[in-house]
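What follows is a single structure, written as structure tokens, with notes after it.
Every number in this text was worked out from the coordinates using simple rules, so none of it is lab data. Just so you know, these numbers come straight off a predicted model, no measurement behind them. Glycine gets a Cβ as well: all are built from the backbone with ideal geometry, and neighbour counts include every protein chain shown.
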């Protein structure tokens, strides 16, 4: 029997209806005094749906949630819709000034800081939106007029150069994607097109000291699905094949080397680094995704390692851990360099979750997201698990270092965790070097934060604010 409700509007996915500002939040434990900044996380929070039954999780207007920590205190929690033109109209507000070219959407996927600005991101066309320190919307942002077109949901900051890298794609331009580099001052200094076929979805990519790594995998734009009214018209395309592109950082499209891999899908990269004539690339790998012919039972996402042997022209594929897991993150200070540790959130088969029109939709529940975080020691091949309780739900964890020059795992894993006893959310701070032990602190929010996507720990020095 077909589902009569929309899973994305129920349970822990259900949107909240109010913007909240709360000061002096209660805490269990002790917030480390060195954590001065904001934990920010973005996610869909639909507003004014015309057809709730047809809504897809990926398409809800973005709402950024933030907790400000300083001197051992949780000074505030705020949640704010990103004010695109349509959100402003729905809320009865004036449009924010700024450049809008083509699709205008309230970014719902990620929130980062760069060149003293806070930016909400989404993929496939729309530009970033700039937010204030307190999460109010400034307006659409094009890096001071230097962004040639749309932008991306995922970026990689080179910790050595301060350059911000991204791979942008747009459904209306199916023949190319674009490598975009923003300098440390916030201006685009490179926009290199790379030819592709069929309009592939490229949600993420990887960066090493020498290369940019592209995922040209068999999820592509479907005009047939778009004509049929599918809100997210990307499908598994058996004819497209699967390959990894290796673009030298300063190279042209002609310099890309393409290496074949087994057909699969990758939403997210853990990290990548150069190793002589090889590139080590760790990803969360899905066997399939968006396959309308097999809406369920397509397998859990696993943590895999691809070693790109450039001399031999081949990819060596290795399973690092076979438990279902997603949202991989590393200490941002090691991005593009060798990493030892990685953090993931447990999950199950997400295929049915992302296919809301299937008959099995009614059987899905919030167990698509798990109740545990994993810490991987990739040098030792070991995994530590921190479980939050039977009915808890946890999303992506981000790493916050104890100090700018501390060791790779000298710091904290920070995540939003749904607390079933309160039916509200806690911001939980785990010590990375005692990962299975008790949290050092839990900040108790007065409201529930819906399940969402990606976030950042933003120290005050990264936003030019010491408030």
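Can you work out the PRE-style zone for residue 403? Point 7 Å along Cα to Cβ, and I want the residues of region 22-43 with backbone N under 20 Å.
Flagged as within label range: 31-37.
Note down the nm distance, to one decimal, between modelled labels 7 Å out along Cα→Cβ at residue 253 and at residue 21.
The modelled label-to-label distance comes out at 4.8 nm.
So I have (i) 29.7, 89; (ii) 23.4, 110; (iii) 20.7, 60, and one of them is Rg and Dmax of the Cα atoms in Å calculated from this model. Which one is it?
(iii)
Length gain on complete extension for the stretch residue 277 to residue 209, per 0.36 nm per residue less the alpha carbon to alpha carbon distance? Present the calculation step by step, with values, prior to reporting the outcome.
On the way: separation 68, 0.36 × 68 = 24.48 nm, distance 1.27 nm.
Between residue 277 and residue 209, full extension yields an extra 23.2 nm.
Give me 119, 164, 49 sorted ascending by neighbouring Cβ count inside 10 Å, so fewest comes first. Spell out each step's value before the answer.
Working: 119 24, 164 21, 49 15.
By the 10 Å Cβ count, ascending, the order reads 49, 164, 119.
Run lengths n ≥ 4 of DSSP H only: what is the helix-derived mean residue ellipticity at 222 nm for the chain, with -39500 (n - 2.57) per run over all residues, to the nearest 500? Don't jump to the answer; show the numbers that get you there.
Details: 2 runs with 11 residues, N = 467.
That calculation yields -500 deg cm²/dmol at 222 nm.
Gain in length, residue 319 to residue 136, computed as 0.36 nm per residue apart minus the alpha-carbon separation, to one decimal in nm? Don't jump to the answer; show the numbers that get you there.
On the way: separation 183, 0.36 × 183 = 65.88 nm, distance 4.27 nm.
Working it through step by step, the gained length comes to 61.6 nm.
On full extension of the chain, what length is gained from residue 160 through residue 172, given 0.36 nm per residue of separation minus the C-alpha to C-alpha distance?
On the way: separation 12, 0.36 × 12 = 4.32 nm, distance 3.47 nm.
That works out to 0.8 nm of additional length.
What does the C-alpha gyration tensor say about the overall shape of region 370-467? Classify as rounded when a/c is under 1.5, otherwise prolate if a/b is larger than b/c, or oblate. Mind showing how you got there, number by number?
Details: a/c = 2.02, a/b = 1.11, b/c = 1.82.
Here region 370-467 falls in the oblate category.
With each label point set 7 Å from Cα along the Cα-Cβ vector, what nm distance links residue 91 and residue 384?
So the two model labels end up 4.0 nm from each other.
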